Amino acid sequence: MSDIQVWVNGRIVGRDEPSVLALDHGMTVGDGAFETCKIVDGEAFAMTRHLRRLGRTLSGLGLPPVDDALVREGVKEVLATGDRIAFGRVRITVTGGAGPLSSDRHDSPPTVIIASTPSKPHAPSAAVVTVPWVRNERGATAGLKTTSYAENVIAITHANSRGAAEALLANTRGELCEGTASNVFVVTDGVLRTPPLDSGCLAGITRELAIEWCREAGVEVVEETMPFDVLESADEVIITNSSRDVQGVHLVDDRRLDAPGPVTRRAVDIWRTAEADLGMDP
């Protein structure tokens, strides 16, 4: 915890220093958006794409945009404070600012919070579980990266209690959707497949880049609707997010897979090569 650096509304603050209003709408009703970027050698990865998605989430929530230059300056200040982070994450949070004790909003300036912390790289593969809760692909916040994360907390706590690192969810139509903090891919018939965005999944930055880079390298990637029970027969399962990059899955509930499989290994190699060639803001 001592390695966490925090910046709020233009200044570095102490980790334990009061810096957000008690009636901030992000605190009272979870009215806000966030992004998490991977840090490699003291730099944030894919900032432009993350800021673009942050803008989409704010727009979807009906909140005003924030100045990208301000956010970039905050990230720069946070990453320049304390020891250089070899690998970790920086989180950008934007809330609705001061508000009432209800879902109504005041005409308040947003609260912008940026925090960084070192972390350990993930293992080459992970165990996941399926859960009975679903994503509502028709919900008002479907596809938005909001701070209202209680559903994910419940699901990942359930997964962790069963020795798994992630929980995978269907949508209300019984289709494969996503993880609590990851996108999901499967391999069937040698083809890499992932749910389309209209499944209700988040438009993950790593998902986006993995699709682009794999296709450019000649790997067939299909975005298509799949039943949730495809996880019972898929040859390979992959989860992706900003800290995992492209990670194989060796256990789905009680079903063991040989991971990382050949398509997963190919996708990982493509990712590493493209990231090295294109740099930190692809």
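Things to note:
- Comparing A234, A69, A181 in a Gaussian network model of the chain, where Cα atoms under 10 Å apart are tied by springs, the biggest mean-square fluctuation is seen for A69.
- Gained length - V222 relative to R138, 0.36 nm times residue gap less alpha-carbon distance: 28.0 nm
- Note on the chain: GNM, Cα springs under 10 Å; of T81, T240, T180, the largest mean-square fluctuation is that of T81.
- When all protein chains stay in place and ligands, DNA and RNA are ignored, the 1.4 Å accessible-area order of H106, H158, largest first, is H106, H158.
- Each residue was assigned an accessible area with a 1.4 Å probe, and for W133 the value is about 110 Å².
- Semi-axis lengths, largest first, of the ellipsoid equivalent to the chain are 32, 22, 17 Å, with √(5λ) applied to each eigenvalue of the Cα gyration tensor.
- Where the chain is the region considered: accessible area per residue in Å², 1.4 Å probe: 47
- With N the number of residues in the range 1-99, Rg(Cα) / (2.2 N^0.38 Å) evaluates to 1.08.
- Between D83 and A22, the modelled labels are 3.7 nm apart [label points 7 Å from Cα along Cα→Cβ].
- Overall, the accessible surface of the range 1-96 at a probe of 1.4 angstrom is composed of carbon and sulfur to the extent of 52 percent.
- Alpha-carbon Debye profile of the range 58-122, log10 I(q)/I(0) at 0.19, 0.25, 0.28 Å⁻¹: -0.80, -1.06, -1.21
- Under 17 Å of direct C-alpha separation, and excluding same-chain neighbours fewer than eight residues apart, K76 reaches these lysines: K38.
- Of the residues M280, M27, M226, the one with the largest accessible area comes first in the ranking M27, M280, M226, computed with a 1.4 Å probe on protein heavy atoms.
- Normalising the average separation of contacting C-alpha pairs (under 8 angstrom, six or more residues apart) by the number of residues puts the relative contact order of the range 169-282 at 26 percent.
- The range 101-158: C-alpha gyration tensor shape, a/c 1.5 cut-off, then a/b vs b/c: oblate
- Against the chain, whose longest principal axis is taken from its Cα atoms, helix 68-80 shows a tilt of about 90°.
- Helix 47-61 and the long axis of the chain differ in direction by around 70°, with both axes built from C-alpha atoms.
- Dipole of the chain, positive direction: furthest Cα of A33, L202, L176, with charges on the beta-carbon: A33
- Sparse-neighbourhood loop sites, GluC sites (Glu not before Pro) in the range 170-246 - DSSP loop, at most 13 other Cβ within 10 angstrom: E220, E224
- Normalised Debye scattering of the range 148-195 at q = 0.33 Å⁻¹ gives log10 I(q)/I(0) of -1.15, counting only Cα atoms as equal scatterers and leaving out solvent.
- For the range 35-79, the average shadow cast by the Cα convex hull is 3.0 nm², which is a quarter of the hull's surface.
- Potential lengthening between A276 and A123 on full extension [0.36 nm per residue; Cα-Cα distance subtracted]: 53.1 nm
- Across the range 156-282, Cα-Cα pairs more than 22 Å apart make up 30 percent of the total.
- When the range 42-165 is reduced to its Cα atoms, the Kirkwood hydrodynamic radius in Å: 17.1
- Multiplying each eigenvalue of the alpha-carbon gyration tensor of the range 233-282 by 5 and taking the square root yields semi-axes of 25, 11, 6 Å, largest first, rounded to whole angstroms.
The values are calculated or read from the model by the stated rules, or taken from the named source; none is laboratory data. Fair warning: this is a prediction, and the values are worked out from it, not measured in the lab. Note that we place each Cβ from the backbone using ideal geometry, even for glycine, and neighbour counts take in every protein chain shown. The accessibility values were calculated without ligands, DNA or RNA, using every heavy atom of the protein model including side chains. Shrake-Rupley method; radii C 1.70, N 1.55, O 1.52, S 1.80 Å.
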